[in-house]
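Any read-out appearing in this document is the output of simple, stated calculations on the displayed coordinates, not a laboratory observation. Bear in mind that the values here come from a model prediction, so they are computed numbers and not experimental data. Note that each Cβ is placed from the backbone with ideal geometry, even for glycine, and that neighbours are counted across all protein chains shown.
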Amino acid sequence: MLQSVLESAGIQAARVESEWWFIFRVTTVVTVIVLAGLAVAVRRGLRGRDTGASEQRMLRYIGIAGAITVVILFAILVRSIFTSRALASERVSDVMQIEVMAYQWWWSVEYQHPEPEQRVRTANELHIPVGKTVAIKLLASDVIHSFWVPSLAGKLDAIPGHEAVLWLRADRAGVYRGQCAEYCGFQHAHMAFVVIAEPPDDFERWIQAQRKTANQPQSPIEQRGLQLVQQRACVMCHTIRGTAAGGRIAPDLTHFATRSTIAAGTLPRTPEHVNAWISDPQAIKPGNRMPTIALAPEDRAAIVAYLEQLR
Amino acid sequence: MSLTPVVQLEVTEDHIASESRALSHSWAQPRGVMGFLSEVDHKRIGLRFIITALVFFALGGVLAALMRIQLAVPENQFLGPDLYNQVFTMHGTTMMFLFAVPVFEGLAIYFIPLMVGARTIALPRLAAFGYWMFLAGGVFLYVSFFLNIGPDNGWFSYVPLAGPEFAPGKRSDTWAQLITFTEVASLVGAIVTIVTIFKYRRPGMTLDRMPMFAWAELVTSFMIIFAMPAVMLASTSLILDRLVGTHFFNQAQGGDPILYQHLFWFFGHPEVYLIFLPAQGLMSTLIQTFSSRPIVGYVALVTALVATAFMGFGLWVHHMFAAGLPEIGTSFFTAASMMIAIPSGVQIFCWIATIWSGKVRLEVPMLFALGYFVIFILGGMTGIMVASVPLDLQVHDTYFVVAHLHYVLIGGAVFPLFGALHYWFPKFTGRMPSHRLGLISFWLLFIGFNLTFFPMHQLGLNGMPRRVYTYLPGLGWETLNLAAAAGAALMALGALSIVINAIVSLRRGEMASRNPWNAATLEWSTSSPPPPHNFYPERVIGSRDPLWDDPPDQPIIEGIRSDRREVLVTRLLDAEPDHRYHSPEPNVWPFITAVFTTIMLIGSMYTPWAVVWGSIPPFITLIAWFWPRRTDINDESYPVEKARPQLNEATGPA
């Protein structure tokens with residue numbers, strides 16, 4: 001999975017990557033020249049022969065070096081401003097809007113739509129169509145977080161009471177990892193997410209599937225799982241559309257089994273991990289907001305079976 | 001010198017001997033426990049500052065080592081998230097507030113009077129008060145840490161994370177009050193330094209003859225006075241939000257978390273420069289001495305210091321590029337952030353020219369100065385990178401910035417500091433430090449530093465954020481973190497070798513002469529270590545590098561009383577003698593005031609009433625502190641015209 005500034009997969013990150021290489025080359029040359037100058041000076045100074053250079057003459061050279069510094073800095077400044085402007089030109093209105101609400105320590109993702117029932121909510125995973133710009137509206141529910149997918153774009157803070165918009169365009173299909181970049185407390189380290197860029201057709205299929213309500217459980221064990229979810233504390237925080245679960249303060253689980261990770265990128269979603277997570281969330285991600293709910297092992301297995309069919 | 005001699009008299013050997021005895025007696029350090037608490041000798045206070053700050057540096061280093069162990073392998077269980085978050089907060093807070101600022105303040109308090117040729121520092125009791133506040137603050141922070149109320153929201157304590165809703169308990173209050181302690185100490189140190197430089201310079205030392213370190217400390221002290229109130233505002237508003245229910249930063253009640261960031265960084269960025277600038281003064285000092293020639297471009301270097309100080313106040317927003325501020329504003333701060341590279345560049349060019357045209361001696365302090373070039377230039381280059389908004393948005397809050405800031409601060413400040421400590425060790429102790437151990441320390445630190453921090457550039461580019469207590473395997477971060485841990489081990493050995501060097505040299509080092517490095521500044525004109533009154537006889541300064549260029553028959557200053565602690569106050573620009581002043585005698589009230597202020601500040605974390613009732617005891621002790629002395633009121637020699645010092649143009653013994 002990619003999480004690197006230097007492996008850009010979208011226009012925004014690509015522009016920054018090219019700026020990086022420009023500044024990197026210039027500063028490397030400057031560093032080498034200055035350190036070489038120092039080495040020459042030390043060698044000469046160690047021999048200690050009188051150079052006969054007047055301070056006036058040396059100051060002239062210092063002035064020239066200073067002037068060259070100004071020119072180089074100006075070039076970098078201009079390059080940087082051009083990059084900023086190019087990035088600004090990618091900010092187009094009239095594109096798909098995705099609202100991302102950052103919580104301690106996970107991401108709630110909502111695809112906007114004029115009709116409320118067409119909106120899609122998911123968590124810790126964004127699907128975007130390749131080659132199309134999307135606008136991500138960033139909000140914070142509690143403290144400051146920062147949304148960052150290095151392969152796609154620079155970061156932007158989600159600040160309570162403020163609204164920020166980040167524009168993204170993935171140019172290559174793939175799975176790109178992102179992570180919260182602003183220290184946000186206890187589990188800042190485990191606040192990751194993935195962005196899945198896929199061809200527009202695939203994306204369309206995915207979002208259509210997400211709009212459906214949750215699968216009805218088929219087997220008795222899955223039905224028992226749903227029953228338990230609705231009886232126990234799960235419904236207080238989680239939503240599973242089409243069931244009685246309507247809590248809004250924890251990840252939406254309607255299509256839980258389509259996601260690749262659990263606990264905001266902490267573990268791959270396998271039945272074993274889901275089981276371990278439900279049995280003791282605090283052991284896996286200490287301090288997270290999910291309480292431990294006492295469940296008999298067979299009840300837990302039923303809940304896992306139910307969750308695993310939520311495609 | 002326009003000053004005309006008042007009396008012509010011959011200074012004989014006998015006169016010098018008897019005056020020296022009288023001076024040693026009247027400036028003698030007080031004895032016993034009370035004497036220890038009443039100390040006003042600037043050298044003792046300065047050394048206390050330096051040693052205390054170095055102890056905190058060691059503690060901060062231990063915390064850093066704990067972090068490197070925790071991150072050496074992915075999903076390590078060594079420190080949990082709770083402890084790790086406290087450890088990184090304590091590390092940053094310690095290094096910024098309890099090490100970097102106080103250690104340079106200690107150097108200033110010790111060396112500024114010696115460098116400007118004064119018998120003591122101005123306002124010595126205020127300096128003593130500053131030390132006790134700094135010590136109290138540092139002890140308070142570490143006691144809190146061990147009582148599990150140590151701060152855990154980063155050295156910046158952003159709201160709302162550190163606010164009342166998300167940081168219950170006392171941890172954030174501890175941080176906010178620590179800021180108050182260190183602020184008081186820093187402001188006091190700045191005032192003392194400025195007054196000493198402006199009013200205590202020896203006749204002949206006009207502003208343009210001042211040593212570079214004095215210039216650097218002067219500029220830094222002004223920066224402290226302008227920068228520190230902003231963070232005091234931030235931390236006090238934070239504690240008000242937390243304790244008395246104000247809503248400065250609560251967006252639900254019309255407050256704003258961004259306001260906090262502006263206040264914090266309006267201090268926070270100049271903070272970097274008030275660590276960096278004194279070290280630039282040290283660099284000029286070391287390079288001049290070990291190139292055996294006057295520094296090239298004195299005026300350019302002073303201008304660079306002043307320019308850096310001004311620009312340093314115009315860059316704070318580059319810490320907030322990711323906060324989504326308007327673009328036209330951020331581009332201004334990009335330009336300012338790049339512009340500040342110009343004075344740094346000029347300084348580096350001046351030093352290279354000095355080395356090029358001098359006779360270089362590769363002593364240990366010079367090696368540290370050369371290490372500065374390699375490390376700081378790399379840090380400066382990454383500084384240019386993070387000044388660019390688009391690039392900063394990628395590397396901000398990642399290990400790239402961790403690498404950048406350590407290259408700038410360790411390369412730019414700690415390397416010159418270690419060089420200077422080695423350089424001034426004979427002046428502190430009267431004994432030479434070991435050259436061989438010094439070489440070992442330098443190479444361990446230099447290699448260890450680069451091994452620790454260079455890989456972090458790549459870590460940041462590979463997407464590793466800062467302030468994470470652990471990370472998952474498979475993201476390409478394992479090898480680089482392991483290398484950093486190995487480098488940290490080398491650095492720890494380097495620090496240990498410095499301690500060993502200090503202990504061994506203190507006991508068995510070769511005895512040091514007055515001027516073992518053949519330097520040009522005044523602290524080397526007196527014995528090692530200096531006597532309590534610093535200098536006698538005192539000669540008028542005739543040039544920028546008095547120990548190299550002054551003729552041996554410079555006039556001797558006479559007429560300052562030797563039977564009590566008397567100093568000569570001079571005028572700001574030209575250092576013409578102005579009047580004599582009875583410098584304060586040892587006095588325990590600064591200590592007692594500091595104790596009561598500490599009680600008030602800690603009490604105010606628990607009840608706002610502590611501010612009301614708690615300010616009464618310090619008020620009473622301040623009255624006692626400022627109670628005038630009968631001798632000064634009735635002293636007939638006090639009026640300025642009578643107090644004109646006499647300059648003796650006769651040649652005393654050289």
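Table for the structure above
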item: Under-5 Å amide H pairs with A:His162, H placed in peptide plane, nonlocal only; result: A:Ala140
item: Cα-based convex hull, the protein assembly as shown, per residue volume (Å³, whole number); result: 168 Å³
item: Gyration tensor (Cα) of segment B:256-512, equivalent ellipsoid semi-axes in angstrom; result: 34, 25, 15
item: Karplus 3J(HN,Hα) series, Hz, for segment B:237-249 with 6.51 cos²θ - 1.76 cosθ + 1.60 (x for Gly, Pro); result: 5, 4, 5, 5, 4, 7, 9, 10, x, 6, 10, 4, 10
item: When segment A:135-274 is reduced to its Cα atoms, the Kirkwood hydrodynamic radius in Å; result: 17.1 Å
item: Kirkwood Rh, angstrom, segment A:96-208 [1 / mean 1/r, Cα pairs]; result: 14.1 Å
item: Volume per residue that the Cα convex hull of segment A:11-88 spans, once the total is divided by residue count, Å³; result: 66 Å³
item: Solvent-free Debye scattering, log10 I(q)/I(0), computed from the Cα coordinates of segment B:339-397 at q = 0.12, 0.17, 0.24, 0.26 Å⁻¹; result: -0.40, -0.68, -1.00, -1.09
item: MRE, 222 nm, helices only [DSSP H, n ≥ 4, -39500 (n - 2.57), over the protein assembly as shown, to nearest 500]; result: -18000 deg cm²/dmol
item: Candidate lysines for bridging to B:Lys359, where Cα separation is under 29 Å - those fewer than 8 sequence places away on the same chain excluded; result: B:Lys427
item: Of A:Ile11, A:Ile64, A:Phe24, farthest towards positive along the dipole that unit charges on Lys, Arg, Asp, Glu beta carbons give segment A:11-88; result: A:Ile64
item: Cα principal axis extents for segment A:220-307, largest first, Å; result: 30, 27, 24
item: Antiparallel bridge percentage (DSSP; both residues within segment A:96-208; nearest 5); result: 70 percent
item: Cα centroid separation - segment B:519-591 against segment A:243-267, whole Å; result: 75 Å
item: Charge tally in the Cβ shell below 15 Å around B:Leu286, where Lys, Arg are +1 and Asp, Glu are -1, B:Leu286 excluded; result: +1
item: Sorted by Cβ neighbour density within 10 Å, fewest at the top, the residues A:Glu7, A:Glu182; result: A:Glu7, A:Glu182
item: C-alpha center-to-center spacing [segment B:8-42, segment B:224-245] in angstrom; result: 43 Å
item: Long-range amide H partners of B:Glu538 with built H, under 5 Å; result: B:Ile557
item: Relative exposure of B:Trp424, A:Trp167, B:Trp351, judged by other C-beta atoms within 10 Å (fewest first); result: A:Trp167, B:Trp424, B:Trp351
item: Loop GluC sites (Glu not before Pro), segment B:5-96 (other Cβ atoms within 10 Å of the site Cβ: 12 or fewer; DSSP); result: B:Glu10, B:Glu75
item: Global geometry of chain A, whether rounded, prolate or oblate, following the gyration tensor of its Cα atoms and the 1.5 cut on a/c; result: prolate
item: Candidates A:Gly37, A:Gly154, A:Gly185: whichever shows maximal mean-square fluctuation once chain A is modelled as a Gaussian network with Cα springs under 10 Å; result: A:Gly37
item: Taking B:Thr303, B:Thr52 and counting other C-beta atoms within 10 Å, the order from fewest to most; result: B:Thr303, B:Thr52
item: Prolate/oblate/rounded call for segment B:397-506, Cα gyration tensor, a/c under 1.5 rounded; result: prolate
item: Spatial separation of Cα centroids for segment B:333-400 and segment B:253-316, in angstrom; result: 12 Å
item: Segment A:Lys212-A:Ile33, extension gain: residue separation times 0.36 nm, minus the distance between their alpha carbons; result: 58.1 nm
item: Gaussian network model of chain A, springs between alpha carbon atoms under 10 Å - residue of A:Val32, A:Val92, A:Val175 with greatest fluctuation; result: A:Val32
item: Reach of A:Lys285 by Cα under 28 Å, taken over lysines that are not fewer than 8 positions away in the same chain; result: A:Lys137, A:Lys155, B:Lys170
item: Antiparallel DSSP beta bridges within chain A, as percent of all bridges there, nearest 5; result: 70 percent
